[in-house]
Amino acid sequence: MLVYRSGMNVSTRSLRFVTNALRTHRRQLKTRWRVLSSHQQALMLLAYLKKGETYRDLDVGFGVGATTTYRYLREALQVVAALAPSLEQAIQTAAEKAYVILDGTLLRIDRVAMASGGDRIYYSGKAKAHVVNVQVISDPVGRLIWASPALPGARHDAGAAREHGIPNALATAGIDAFADTAYIGAGPTITAPFRRLRQDRGTHLFQRRELSVGQKAVNTSISQMRAPGERANADLKSWRILRKSRSSPAHATILVNALQTLILNR
């Protein structure tokens with residue numbers, strides 16, 4: 001096995017943040033000795049999340065066994081993910097903004113029970129892949145405010161948002177949100193563009209309609225206001241571990257929570 005020096009585009013502030021969180025955790029456990037220091041364990045976690053390093057590569061790089069790598073990563077993920085904000089805390093932050101942007105992002109996964117048919121709920125016809133659905137709330141300039149727990153990818157964005165209680169939370173706090181056409185009718189304070197296709201309730205078929213000049217102008221304005229929200233999605237996916245998760249779909253939520261903690265505290 002060859003070993004070489006490498007780097008990653010992560011700030012030293014993020015490294016200090018994770019190191020301090022792990023030190024506090026070890027102090028609470030009254031741990032006397034570990035193979036790796038809190039600093040090294042934090043560096044291992046960041047390499048895993050940012051670069052998508054495999055356990056085997058981390059074993060060699062940090063000079064520990066596979067079992068130790070697995071145990072240290074699981075522990076560090078749980079510690080950092082536990083610091084992620086709740087929806088209630090995110091709503092308090094969102095209330096200070098002029099408005100927020102609501103969008104759904106799909107994260108690819110590969111470990112699904114295809115033989116038993118358990119993969120169907122994770123298959124997205126839109127992405128044509130097995131994914132999980134994460135709802136993202138960002139501010140007007142595209143900075144992440146909150147990312148939801150992961151749901152199976154076949155779930156529609158509006159349904160996923162309702163399951164997390166996002167529309168009700170926004171409405172209760174009186175927060176205006178802009179979203180795409182997937183969120184039409186999702187909540188009283190969520191504004192979405194006019195849709196060119198409408199469903200005939202009698203035949204359940206979609207019919208194309210022409211939008212008026214005013215409706216087109218509204219759609220353009222909404223698109224401009226929600227465009228920065230893509231930055232929050234791109235920020236999440238800049239961490240390579242989310243480009244295609246190699247772990248169980250049930251593990252996706254802890255990854256999302258850990259990453260949003262790092263993004264919000266960098």
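With a sphere of radius 15 Å drawn around the Cβ of Val60, what net charge do the other residues whose Cβ falls strictly inside it have (Lys, Arg +1; Asp, Glu -1)?
0
The charge dipole of the range 71-199, taken about the Cα centre with unit charges on the Cβ atoms of Lys, Arg (+1) and Asp, Glu (-1), comes to about 520 debye, rounded to the nearest 20. Where the centroid of each part is defined by its Cα atoms, how far is the range 140-185 from the range 223-256 in Å? Value for the Cα centre distance between the two parts: 15 Å.
With both labels modelled 7 Å from their Cα along Cα-to-Cβ, the Tyr55 to Ala234 distance reads 3.5 nm.
Shown is the FRET efficiency for Lys216 and Gln89, computed with R0 = 30 Å from the Cβ-Cβ distance and rounded to the nearest 0.05: 0.20. Counted without the sites themselves, the longest stretch of the chain free of GluC sites (Glu not before Pro) in a DSSP loop having at most 10 other beta carbon atoms within 10 Å is 97-209. Placing +1 on the Cβ of every Lys and Arg and -1 on the Cβ of every Asp and Glu, with no other charges, gives the range 137-266 a dipole of roughly 440 debye about its Cα centre. Relative to the Cα centre, the charge distribution of the chain, modelled as +1 at Lys and Arg Cβ and -1 at Asp and Glu Cβ, gives a dipole magnitude of about 720 debye. Ordered by solvent-accessible area of protein heavy atoms (1.4 Å probe), largest first, the residues Leu43, Leu144 come out as Leu43, Leu144.
Across the range 1-141, the volume of the C-alpha convex hull divided among the residues equals 191 Å³ per residue.
In summary, the range 126-266 shows an alpha-carbon radius of gyration equal to 1.15 times the 2.2 N^0.38 Å reference for compact globular proteins. Treating each Cα of the chain as one equal point scatterer and applying the Debye formula with no solvent, the log10 of I(q)/I(0) at q = 0.12 Å⁻¹ comes out as -0.80. Counted without the sites themselves, the longest stretch of the chain free of chymotrypsin sites (Phe, Trp or Tyr not before Pro) in a DSSP loop having at most 12 other beta carbon atoms within 10 Å is 34-266. Between Ile145 and Ile137, Ser138, Asp139, the built amide H atoms are under 5 Å apart, and every one of these is 5 or more places off in sequence or on another chain.
Applying 1/(1 + (r/R0)^6) with R0 = 25 Å to the Cβ-Cβ distance of Arg246 and Lys126 gives a FRET efficiency near 0.65. In units of the rule-of-thumb radius 2.2 N^0.38 Å, the range 49-99 shows an alpha carbon radius of gyration of 1.75. Axis of helix 213-226 versus longest Cα principal axis of the chain: the two differ by about 10°, to the nearest ten degrees. The residues of the chain present an accessible area of 55 Å² per residue when probed at 1.4 Å with all protein chains retained.
Translational diffusion coefficient of the range 1-78 (Stokes-Einstein, Kirkwood radius from Cα pairs, 10 °C, 1.306 mPa s): 123 µm²/s. Round to a whole number: what % of the accessible area of the chain belongs to carbon and sulfur, probe 1.4 Å? It is 51 percent, rounded to a whole number.
The values are calculated or read from the model by the stated rules, or taken from the named source; none is laboratory data. Every value quoted in this text rests on a predicted model; they were computed, and no experiment measured them. Cβ coordinates were reconstructed from backbone atoms using ideal geometry, including for glycine residues, and neighbour counts include every protein chain displayed. Ligands, DNA and RNA are stripped out before the accessible areas are found, and what is left, the full protein with its side chains, is counted by its heavy atoms. Shrake-Rupley method; radii C 1.70, N 1.55, O 1.52, S 1.80 Å.
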